[in-house]
Amino acid sequence: MTADVHVIAHPLVQHKLTLMREKSRSTSSFRRLLGEISMLMAYEVTRDMPTQLITIETPLETMQAPVIDGKKTVFVVIMRAGEGFLDGMLEVVPGARVGHVGLYRDPKTLVAVEYYFKMPHDMQERDAIVLDPMLATGNSAVAAVDRLKETRPKSIRFVSLLAAPEGLKHFHDHHPDVPVYTAAIDRQLNEHGYIVPGLGDAGDRLFGTK
Ligand code: URA
């Protein structure tokens, strides 16, 4: 299977990403930009979402018109930076359900350790969209999708703002069936597991914790 990577090259996304990378950007501005980008990325990620026809009355006549069933979508937030992606996605698909996966990176080994996992019921009927702004080593992404697959969702997509080539490879070595949507693939990881040139620690920048 050829692994699927979609780089969302839309100028609005690229412009906002550039602003987010600047180290002088304030926490509030970083958060607002991530919210705006997530709405734009939601548009791409949901492009082939199934629709069904319902009967409606326009002021002129009765017609069959398409609607999506938002409730069938579950956004799976990888805590904590994934939270920053959520509000924008929910603006676009307000009926979606939300699951959470809590993982932290062991600072020495960079291995992902799980501390929280909560999904809506009936996952077998839902399309899962996993949210994590930084696909760096790929360890958390692999661990989150390993756990998510135990709930057997109908489909899984992974959305990151930035990806490292090493992380993409690692992720698709484990999950070649899961398409990745990202705004950019940066040059590499540094020795601390940060994406370079990158934007720093997305969680710290989002929540102002550093
Ligand atoms: N997580 C981040 O927040 N930033 C990186 O560059 C890598 C992982």
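Every number here is computed from the coordinates shown, using simple stated rules; none is lab data. Worth saying up front: this structure is predicted, and the values here are computed from it rather than measured. Cβ sites come from the backbone with ideal geometry, for glycine too, and all protein chains shown count toward neighbours.
Quick look at the numbers
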| read-out | value |
| --- | --- |
| Among the residues listed as Val92, Val98, Val178, Val142, the single one being within 16 Å of the ligand (Cβ to nearest atom) and among the β-branched types (Val, Ile, Thr) | Val142 |
| Matching residues, region 184-200, being closer than 17 Å to Arg105 by Cβ and in contact (Cβ under 8 Å) with a residue 12 or more places away in the chain | Leu189, Gly193, Tyr194, Ile195, Gly198, Leu199, Gly200 |
| Residues of region 189-210 satisfying the condition of being within 12 Å of the ligand (Cβ to nearest atom) and at positive phi | Gly193, Gly198, Gly200 |
| Identity of the residue in region 171-183, touching a residue at least 24 places away in the same chain (Cβ under 8 Å) and surrounded by fewer than 20 Cβ atoms within 10 Å (Cβ to Cβ), that ends up farthest from Gln14 (Cα to Cα) | His174 |
| Residue selected from region 89-147 under the condition among the small types (Gly, Ala, Ser) and over 21 Å from Val196 (Cβ atoms), by the criterion surrounded by the most Cβ atoms within 10 Å (Cβ to Cβ) | Ala144 |
| Residue within region 145-158 that is touching a Gly at 6+ places or on another chain (Cβ under 9 Å) and within 14 Å of the ligand (Cβ to nearest atom) present | no |
| Residues of region 122-149 classified as among the β-branched types (Val, Ile, Thr) and over 14 Å from Val101 (Cα atoms), total | 1 |
